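Working notes, structure below.
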Ligand SMILES: [Fe+2]
């Protein structure tokens, strides 16, 4: 009965919106009409109330990690035992927990425990709550090479499962997710199901995420506070980068400075996010982190008819900052397709602008964004409406290989790849006299 209870809530939610469809009509009218959706894959919890579930790991600072998990039991302790030998835990850390309520739904106990200091490129074995199943994860390297898996708009369908399998079987150091995780869309048990679906991957490597529109989850009259579930479940290291919000933050890993921006919080010149971004970019030392990578949800450059222009106001507000900082590459999600642009600034090719990539093709229930504008733009170099994921292999301070791996269901096929050269070694772009002439 306890395992059925969450889905009773899903049924009640669905019934509510069937009875009062006008509440969702406004939002639906703004959405791109996609092919019939694929069914949701529900991942049940098979353990006891105190067994950890939805385990995932994130990077915190230079040599720490945060282990997050959920228990149905409110008595389970927020403790992680860990060590470099399986079954032998030489260290232990205690953290904190939180709960949230959403309409009829009450979350399980959401635990967050920071562990470390940890050695780089090392496998740690860990146990959550002082008992039960052992997990393991590998810490990222502190020097090149490093490999990122990048995928947005995951959801939880059979397509998601095969994309995740492709990501997992080839190995990687850190996963970067530019928004739209569970597609719970107010049905909170689907957040739990998503956490269980990704656990085999997110418990083994750090998963670093930013938010998309599907994380907002406000409900007229009933839920005014945005990002309730997302912020409680997917806590990222925002304090460590001087941010006051879990919706935008940055972190260093190996020689890469990664900035996660929030497309669905204020970004205008007077906003906290803008000021934080300005300060964060000013502190970037390209000698220490030659690569500068940004992730956000709604793409600033897009030749798909889906979500056309939705990133435009953010682009107008922030593009100048990224350009002047010589950001190497910007990854976005939202559009359920793959697209790679040349180096761009202000709607024109520019050798000192970032490469823009849309990678919103994880496999969610809404299906693909099949229609690209015709004719295309000379800025767009490769575009295809297929599921898949990307990999950024940063070999050294100058060169990285970007590849897009199409999900052919049973196989992962490299359908696009290109070498990137960091702008940090571009004599033209890093010349102070060139930078002084940048038009912002
Ligand atoms: Fe989205």
What spacing in nm lies between the two simple spin-label points modelled at residue 410 and residue 104, each 7 Å away from Cα in the Cβ direction?
4.2
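Determine the gain in length on full extension of the stretch residue 371-residue 425; use 0.36 nm per residue of separation and subtract their C-alpha separation, reporting nm with one decimal.
Details: separation 54, 0.36 × 54 = 19.44 nm, distance 3.74 nm.
Extra length from residue 371 to residue 425 when fully extended: 15.7 nm.
Computed over the Cα atoms, what is the radius of gyration of the chain divided by 2.2 N^0.38 Å, N being its residue count?
Cα-based Rg divided by the globular estimate yields 0.95.
Taking R0 as 45 Å, what FRET efficiency do you get between residue 382 and residue 218 from their Cβ-Cβ distance, rounded to the nearest 0.05?
0.80
Per DSSP helix of 4 or more residues, -39500 (n - 2.57); summed, then divided by the residues of the chain. What does that give at 222 nm, rounded to the nearest 500?
Numbers: 8 runs with 86 residues, N = 440.
The per-residue figure over the chain is -6000 deg cm²/dmol.
What FRET efficiency do you get for residue 346 and residue 74 if R0 is 56 Å and r is their Cβ-Cβ distance, rounded to the nearest 0.05?
Values: r = 53 Å, r/R0 = 0.94.
The pair residue 346/residue 74 has a calculated efficiency of 0.60.
Ordered by packing density, taken as the mean number of other Cβ atoms within 10 Å over each peptide's residues, highest first, how do 419-428, 355-364 rank? Can you show the working numbers first?
Numbers: 419-428: 15.2, 355-364: 27.4.
By packing density, highest mean first, the sequence is 355-364, 419-428.
Beta carbons within 10 angstrom, averaged per residue: use that to sort the peptides 383-390, 134-141, 151-158, highest first. Don't skip to the answer; put the middle values down first.
On the way: 383-390: 21.9, 134-141: 18.6, 151-158: 26.4.
My ranking of the peptides, most packed first, is 151-158, 383-390, 134-141.
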Return the equivalent ellipsoid semi-axes of segment 53-138 as a descending list in whole Å, where each equals the square root of 5 times an eigenvalue of the C-alpha gyration tensor.
24, 14, 10
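Would you order 429, 128 from fewest to most other beta-carbon atoms within 10 Å of each residue's own beta-carbon? Before the final figure, lay out each step's value.
Values: 429 19, 128 28.
Ordered from fewest to most neighbouring Cβ atoms within 10 Å, 429, 128 come out as 429, 128.
Read the figures in this text as sums done on the coordinates, not as results from a lab. Source: prediction; values computed, not measured. Backbone-built Cβ (ideal geometry, glycine too); neighbour counts: all protein chains shown.
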